[in-house]
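Read the structure below first, then the notes.
No lab work stands behind these numbers, since they all come straight from the coordinates. All of these numbers come straight from a predicted model, not from anything done at the bench. Because the Cβ atoms are built from the backbone with ideal geometry, glycine has one as well, and the counts that use them run over all protein chains shown.
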Amino acid sequence: MLTGDRLPTIPTHRLRLRWLEDSDARDLFVVFSDPVVVKYFGLTRMRDLAESKELVRHIQSSFREHSLYQWGVELVSEGRIVGTCTLSHLDPRNRRAELGFAIGRGDQRKGYATEAVQALIAFAFGELAMHRLEADVDPRNKPSIRRLEALGFQREGYLRERWLNDGEIQDTVLYGLLAREWGGQTV
Ligand SMILES: CC(C)(COP(=O)(O)OP(=O)(O)OC[C@H]1O[C@@H](n2cnc3c(N)ncnc32)[C@H](O)[C@@H]1OP(=O)(O)O)[C@@H](O)C(=O)NCCC(=O)NCCS
């Protein structure tokens, strides 16, 4: 588990995974007010900036409770948050956590998710000494499934009607990656 009062910054080539501040609420709103981005993300689409500010407060307090680590993904050249990366369901006893990621629609297909998630996986298996990472994905979420498989995650199971998201019942595909399988590969 992490100590300190905020998440450590994780630098990559073009990005910085960093602690989210109240002033990032506007950038987060752009990402999470988009129905395409939230469709399979388990979040109701944001309607106004107040909801985005509330999300930042939730992320900050969840870090202090060690129930969720959610980094902002900042595009360094523009000083702008383009998405988030998360470790949730942190289970130090079994050294596992669940991985999540989202990139705003206007910034997708530029390799940002791959770059950010590779760095986060390295951090989880390195600094956090995790043994296993999991991802819970809607089977229709092809971009996410492609990212996970390219990163080396293996499909481990299919769970029917696991979520009720925005009034819709959704199935889940469960993916897993073990520390010994992670070669720090670039995809
Ligand atoms: C899943 C998600 C994060 C992928 O984000 P992304 O930033 O587009 O991912 P990447 O850019 O790393 O890779 C996407 C594609 O772009 C390609 N790509 C990478 N760099 C590129 C570049 N410079 N130019 C063009 N294409 C590029 C990749 O090869 C990849 O192609 P493929 O899907 O055919 O394999 C994004 O679609 C998303 O936020 N979805 C909504 C949220 C969600 O459902 N999250 C998952 C739930 S856990």
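If only the Cβ of Lys and Arg carry +1 and only the Cβ of Asp and Glu carry -1, the dipole of the range 92-187 around its Cα centre is close to 220 debye. Taking the Cβ of Ile59 as the centre, find all other residues whose Cβ is under 14 Å away and add up their charges (Lys, Arg: +1; Asp, Glu: -1). My count for the surroundings of Ile59 gives -3. Distance between the modelled labels on Trp163 and Ala122, one decimal in nanometres: 2.8 nm (7 Å Cα→Cβ projection). Please figure out what share of the DSSP beta bridges in the chain is antiparallel and state it in percent, rounded to the nearest 5. Looking only at bridges with both residues in the chain, the antiparallel portion is about 90 percent.
For the chain, just say rounded, prolate or oblate: build the C-alpha gyration tensor, square-root its eigenvalues into a ≥ b ≥ c, call rounded for a/c under 1.5, and beyond that prolate if a/b exceeds b/c, oblate if not. Cα axes put the chain in the rounded bin. Measuring between their Cα centroids, the range 140-161 and the range 1-65 lie 23 Å from each other. Here the relative contact order of the range 21-176, from alpha carbon pairs under 8 Å that lie six or more residues apart, stands at 17 percent.
Residue ranges 3-16, 158-171, 62-75 sort as 62-75, 3-16, 158-171 when ordered by packing (mean number of other C-beta atoms within 10 Å per residue, highest first). Among residues other than Leu17 with Cβ under 15 Å from its Cβ, the summed charge is -2 (Lys and Arg +1, Asp and Glu -1). Across the alpha-carbon set of the range 1-64, the Rg to Rh ratio works out to 1.00, Rh being the Kirkwood radius. Ranking Val117, Leu49, Leu128 by how far each Cα lies toward the positive end of the dipole of the range 24-169 (charges on Cβ) leaves Val117 at the top. Dipole check for the chain: with +1 at the C-beta of Lys and Arg, -1 at the C-beta of Asp and Glu, and the Cα centre as origin, the magnitude is about 400 Debye.
Kirkwood analysis of the range 76-187, using all unique Cα-Cα pairs, places the hydrodynamic radius at 14.8 Å.
Amide H contacts of Arg162 (H built 1.01 Å from N, in plane; Pro and chain starts excluded): Gln170, Asp171, Thr172 sit under 5 Å, all sequence-distant by 5 or more or on other chains.
Determine the calculated [θ] at 222 nm for the chain from helices alone, applying -39500 (n - 2.57) to every DSSP H run no shorter than 4 residues and normalising by the residue count; nearest 500 deg cm²/dmol. Counting only the DSSP helices, I get -8500 deg cm²/dmol. Quick one: net charge around Arg162, please, counting Lys, Arg +1 and Asp, Glu -1 for every other residue with C-beta under 9 Å from its C-beta. Combined, the nearby Lys, Arg, Asp and Glu give -2.
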